[in-house]
Amino acid sequence: MKFLVSGHQTLAAAEHRSQLNYLESSKEWVQRLRDEKKLCGAYSFPDGGGIFIIDATSHEELTSIMLSFPLIHLSKFSVQPLADFEKTSDIIIEAIGGITDMRQHIFCP
């Protein structure tokens, strides 16, 4: 299961060196998750914050992964599950394939 995790830091670290340590630790976290094939992408926004695409086997694993993020206690995240476009399109096409055009059910002069 893939999840789009978008977030930004809401609190600054108490000291400049602490902020640098957090950023260095975050880079190591990203690399470790890439090596474990749990992170499909990590991107920063120019104005701060960024996104991760995390591949987790369950919501519980996602929670565990996110709680291991070095800046978790200073950040706010939102999470969206991702669905494969082709598979989802096929499901929608199948679902609406049997639905008749609504114009056939409405009296139109």
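Tabulated results
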quantity: Residues of segment 65-85 classified as of a type in the set (S, T, N, Q) and either closer than 17 Å to residue 26 by Cβ or surrounded by 12 or more Cβ atoms within 10 Å (Cβ to Cβ) (or both), total; calculated: 2
quantity: Residue within segment 42-51 that is farther than 25 Å from residue 18 by Cβ, β-branched (Val, Ile, Thr), under 13 Å from the mean Cα position of the chain (by Cα) and surrounded by 11 or more Cβ atoms within 10 Å (Cβ to Cβ) present; calculated: no
quantity: Among the candidates 58, 89, 6, 18, residue that is modelled with pLDDT of 95 or more, surrounded by 11 or more Cβ atoms within 10 Å (Cβ to Cβ) and among the small types (Gly, Ala, Ser); calculated: 6
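The values are calculated or read from the model by the stated rules, or taken from the named source; none is laboratory data. In this text, all values refer to a predicted model and were calculated from it rather than measured experimentally. Note: ideal-geometry Cβ built from the backbone for every residue, glycine included; neighbour counts use all protein chains shown.
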